[in-house]
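Q: Quick one: the structure is below, questions incoming.
The values are calculated or read from the model by the stated rules, or taken from the named source; none is laboratory data. Keep in mind that this is a model prediction, so the values were computed, not measured. Every residue, glycine as well, gets a Cβ built from its backbone with ideal geometry; the counts of neighbours run over all protein chains shown. Remember, those area values only see protein heavy atoms, side chains included, never the ligands or the DNA or RNA. Shrake-Rupley method; radii C 1.70, N 1.55, O 1.52, S 1.80 Å.
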There are 2 protein chains.
Amino acid sequence: MKSTQVTETSKAPSRERLDHATRTAQIYQAAARVFCEQGFGQASMSEVAAASGMTKAGIYHHIGSKDELLYGIMSYGMDLFEEMVYDRVKNIPDPLERLRATIRAHVLLVTRDRPKELTVVLNETVALKGDYLQEINKRRRRYVRFLERTFQEMIDQGLARSIDPRVATFALAGMINWIYQWYQPSGRIKDSDLAEAYVDLFLGGVLAGP
Amino acid sequence: MKSTQVTETSKAPSRERLDHATRTAQIYQAAARVFCEQGFGQASMSEVAAASGMTKAGIYHHIGSKDELLYGIMSYGMDLFEEMVYDRVKNIPDPLERLRATIRAHVLLVTRDRPKELTVVLNETVALKGDYLQEINKRRRRYVRFLERTFQEMIDQGLARSIDPRVATFALAGMINWIYQWYQPSGRIKDSDLAEAYVDLFLGGVLAGP
């Protein structure tokens with residue numbers, strides 16, 4: 001518990017508290033880069049400190065342990081995901097429009113808003129343990145259920161073929177989560193074109209019409 | 001160079017040589033499990049030896065270094081992939097039939113024939129360096145170009161819509177390479193049903209017909 005949290009009654013967050021949040025986000029991004037380059041197991045807190053432009057003691061002022069840091073990065077990635085994707089689409093009434101908006105927003109998140117390193121670390125669940133793992137998995141499962149429900153609604157309304165909602169959910173997740181493996185933001189394919197291509201491909205498949 | 005390679009003139013591989021190949025495959029599978037559980041950086045050759053039921057000296061009789069071991073695992077995974085997928089489909093003349101056969105074989109490889117650990121390590125290119133990385137990437141690129149050519153042929157023959165072959169290639173690769181993240185072989189969805197569902201979903205999309 002930081003003393004800044006005691007002053008929560010004031011409307012605007014205190015300067016100190018904002019600094020703490022900004023600094024923590026900076027540490028997460030630097031640490032994600034270090035973990036991505038060296039692997040979580042090999043990276044040391046000294047290297048994370050150096051990458052953040054801080055002393056090791058300075059890092060430990062903000063973050064308790066390396067495990068807590070990994071969990072912090074993953075939570076931060078999930079926060080971004082929920083803010084930029086899930087929270088923006090979850091209440092769209094029409095399931096087809098909801099799915100289109102979800103694909104677009106999720107593709108743009110991984111191509112545009114989220115550093116590649118963060119995506120890599122987010123896919124690294126091997127190192128996460130215990131309560132930390134359960135907490136991240138709970139948030140992931142919520143998104144999986146949301147997609148499954150969306151596909152089921154589309155089927156019920158005659159908008160989708162009788163696909164297996166689970167298969168469709170993970171096929172879509174795979175298409176999108178794999179983007180960081182191959183997509184070059186500076187390359188031939190624009191991120192907004194990729195988003196539209198993914199919408200078309202997933203909704204309509206590759207086959208030519210009859 | 002092992003002395004067994006000198007006796008190559010005899011028709012049947014020598015017993016010693018077969019033993020070497022079998023033992024090496026066993027080491028690869030055990031090492032893949034250890035790397036998967038602990039991460040490549042943290043795992044030691046002693047742990048790999050223990051998981052293989054061998055001494056550390058015994059391991060080094062077959063494999064020169066930890067880097068060579070990682071490359072060996074990846075080559076072994078690519079060998080399996082080429083034997084079970086690429087070599088079986090590459091000469092199918094009709095591009096649509098070729099694509100269907102490719103999706104089926106690739107899905108069944110990752111669900112049935114390839115231990116999950118191997119898939120995880122195959123996706124771990126971070127740790128691979130220099131010539132080893134180039135060699136693996138060369139084989140990966142050959143598959144990417146094969147898929148791109150297949151999509152281009154489908155478009156040219158009016159079988160596919162005018163999709164971007166590159167986007168279609170990596171969307172498909174993502175759908176399939178992600179399977180190990182969620183698919184339970186003992187669960188509700190049979191591997192052969194998953195393969196057919198992936199063929200249908202990728203070819204026809206999720207939308208109901210007009």
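Q: Would you kindly work out, in nm and rounded to one decimal, the distances from the label point of A:ARG139 to those of the same position in each other copy, ordered shortest first, with label points 7 Å along Cα-to-Cβ?
A: Going from nearest to farthest copy, the values are 3.7 nm.
Q: Using the Cα centre of the protein assembly as shown as origin and beta-carbon charges of +1 (Lys, Arg) and -1 (Asp, Glu), tell me which of A:LEU172, B:HIS61, B:LEU172 is placed farthest towards the positive end of the dipole.
A: B:HIS61
Q: At most 13 other Cβ atoms within 10 Å plus a DSSP loop assignment makes a site exposed; report the longest stretch of chain A without any exposed trypsin sites (Lys or Arg not before Pro).
A: A:12-128
Q: Give the distance, in whole Å, between the Cα centre of the range B:149-185 and the Cα centre of the range A:150-167.
A: First find each Cα centre; the distance between them is then 21 Å.
Q: With a 1.4 Å probe, how much accessible area is buried between chains B and A, both sides summed, in Å² to the nearest hundred?
A: For B against A, buried area totals roughly 3600 Å².
Q: Shifting gears a bit: If the label for B:GLU83 sits 7 angstrom from Cα along the Cα-to-Cβ line, what are its distances to the same label in every other copy, in nm to one decimal, shortest first?
A: 5.0
Q: Using the Kyte-Doolittle scale, which helices in chain A average at least -1.0 and also have C-alpha atoms spread 24 Å or more along the helix axis, with helices defined as whole DSSP H runs?
A: What comes out of the filter, once short or polar helices are dropped, is A:15-38.
Q: Taking a label point 7 Å from Cα toward Cβ, how far is B:GLN181 from its twins in the other copies, in nm, shortest first?
A: Label-point distances to the other copies, shortest first: 1.0 nm.
Q: Using helices alone, I'd like the mean residue ellipticity at 222 nm for the protein assembly as shown: each DSSP H run of four-plus residues gives -39500 (n - 2.57), total over residue count, nearest 500.
A: Value at 222 nm, helices only: -20500 deg cm²/dmol.
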